[in-house]
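Asker: Before I ask anything, here is the structure I am working with.
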Amino acid sequence: MTQTATAIEALKKQLGSSLCIAGHHYQHDAVIRHCDITGDSLELARRVAAIDAQHIVFCGVHFMAESAALLARAGQQVHLPAEDAHCVMAQMTPASLVRAVLMRLHTAGKKIVPLAYVNTPVAVKAVVGEFGGAVCTSANATAMLRWAFEQGDSVLFLPDANLGRNTARALGLNEAACMTLNIRKQGEAFPLAEALQKQLLLWPGCCAVHAKIHAEHIAALRLAHPQAHIVVHPECAPDVVAAADGAGSTTYLINAVRQAPQGSTIAVGTECSLVDRLRREYAQQCTVLPVRRIQCSDMAKCTEEKLLATLQQVQNNTAPCITVPKAQQQSAKVALERMLDVCARAGE
């Protein structure tokens, strides 16, 4: 064990039950090994409410720590070891622009229900909550999109157009019922009359990591490993999802490896920190390959050294806290809680 790792473990013992370290699956092994709970966005959101610790150190990116801060109880503090760890996709949805688009869509008297992927800033979640919408993750996108369709005339899915389109296909919605909005000119560029005829409106956002996986990478894998079972994340483009053998959330991808037959080969299309971990953990069961080696540079900003520095600050009562502006708290929390409530009722 490194000197840094030893120091972290010593601090964890000193802080005891006042500390809980949470980590997203895309974190590096050096960080994950210190986490008390790990999961994808949905699992971590569910578990925050059950955490009793005064200090929640969230190893992930900013929007995840914001969600934890929204769901945390009074007196709990949420800390992010890398405060500059943002999400490119989340930055594609300025809250003011989301509000402008929704206001324009609502001028015709139709109810357009916004459904925001969890990869959005808290300010966007607040706007979504105000307009009667909810949050979703890749794990529950199908259930949440079905719910959103039941709430109004049509749905605005943001910001990941790939996830929205892939989810719509899974629900049997054809391409003609969908439209990707042109959000230029402060949301005035798309033809309003046409948009109002569609069932699903898509924000033109994407994941900078999963967008790097292309159909030719699947084709190359088929040639090199004909027997491989290929699974990808639904943030990948629709043609990639169509070419793969399966697509689903981070937890789905992990379970696909866990359940792989002895001696089989499985290729996983997602962030390489997770793929590498799966390859090591299941080396005796199957061969795990990356569809393409891609790393999230923002997830990588949370290092073991930064985790140690944060724990030292927690011990000294100097650790910066992730806070949510009071004006956004209620609406954003409503959007998140709608998701948790729908999933609980659906058994998701």
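Each value in this text was obtained by applying a stated rule to the coordinates, not by laboratory testing. On a predicted model such as this, the values are computed, not experimentally measured, just so you know. Note that each Cβ is placed from the backbone with ideal geometry, even for glycine, and that neighbours are counted across all protein chains shown.
Yes/no matrix, rows are residues, columns are (1) in a helix (DSSP H, G or I); (2) among the aliphatic types (A, V, I, L, M):
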{"residue": "C20", "(1), (2)": "no, no"}
{"residue": "V57", "(1), (2)": "no, yes"}
{"residue": "R73", "(1), (2)": "no, no"}
{"residue": "A85", "(1), (2)": "no, yes"}
{"residue": "Q91", "(1), (2)": "yes, no"}
{"residue": "R104", "(1), (2)": "yes, no"}
{"residue": "A108", "(1), (2)": "no, yes"}
{"residue": "P114", "(1), (2)": "no, no"}
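Asker: May I pose another question? Only one residue in L115, L97, L80 is closer than 16 Å to H24 by Cα and within 22 Å of the chain's Cα centre (by Cα). Which one?
Answerer: L80
Asker: If I ask for residues that are within 22 Å of L340 (Cα to Cα) and either among the hydroxyl-bearing types (S, T, Y) or surrounded by 24 or more Cβ atoms within 10 Å (Cβ to Cβ) (or both), which ones from the range 71-88 would you list?
Answerer: V78 - this is the single residue of the range 71-88 that is within 22 Å of L340 (Cα to Cα) and either among the hydroxyl-bearing types (S, T, Y) or surrounded by 24 or more Cβ atoms within 10 Å (Cβ to Cβ) (or both).
Asker: Next question, about the same structure. What number of residues within the range 38-56 satisfy the criterion of being out of contact with any Leu (no Cβ under 7 Å at 6 or more places or on another chain) and either without any contact (Cβ under 8 Å) to a residue 40 or more places away in the chain or surrounded by 21 or more Cβ atoms within 10 Å (Cβ to Cβ) (or both)?
Answerer: So the count comes out to 11.
Asker: Ok, one more. Scan the range 272-315 residue by residue and report those that are touching a residue at least 24 places away in the same chain (Cβ under 8 Å) and assigned to a loop (DSSP other than H, G, I, E, B).
Answerer: Y282, Q285, V291, R292, I294, Q295, C296, D298, C302, T303
Asker: Residue by residue through the range 191-214, note down the ones that are under 21 Å from R99 (Cβ atoms) and in contact (Cβ under 8 Å) with a residue 40 or more places away in the chain.
Answerer: L192, A195, L196, K198, L200, L201, L202, W203, P204, G205 - these are the residues of the range 191-214 that are under 21 Å from R99 (Cβ atoms) and in contact (Cβ under 8 Å) with a residue 40 or more places away in the chain.
Asker: Within the range 255-271, which residues are out of contact with any Phe, Trp or Tyr (no Cβ under 7 Å at 6 or more places or on another chain), touching a residue at least 40 places away in the same chain (Cβ under 8 Å) and surrounded by 22 or more Cβ atoms within 10 Å (Cβ to Cβ)?
Answerer: Result: A267, G269, T270.
Asker: Another question, then. Only one of L163, L145 is touching an Asp or Glu at 6+ places or on another chain (Cβ under 8 Å), surrounded by 18 or more Cβ atoms within 10 Å (Cβ to Cβ), part of a helix (DSSP H, G or I) and on the phi < 0 side of the Ramachandran plot; which?
Answerer: Only one candidate passes the filter, namely L163.
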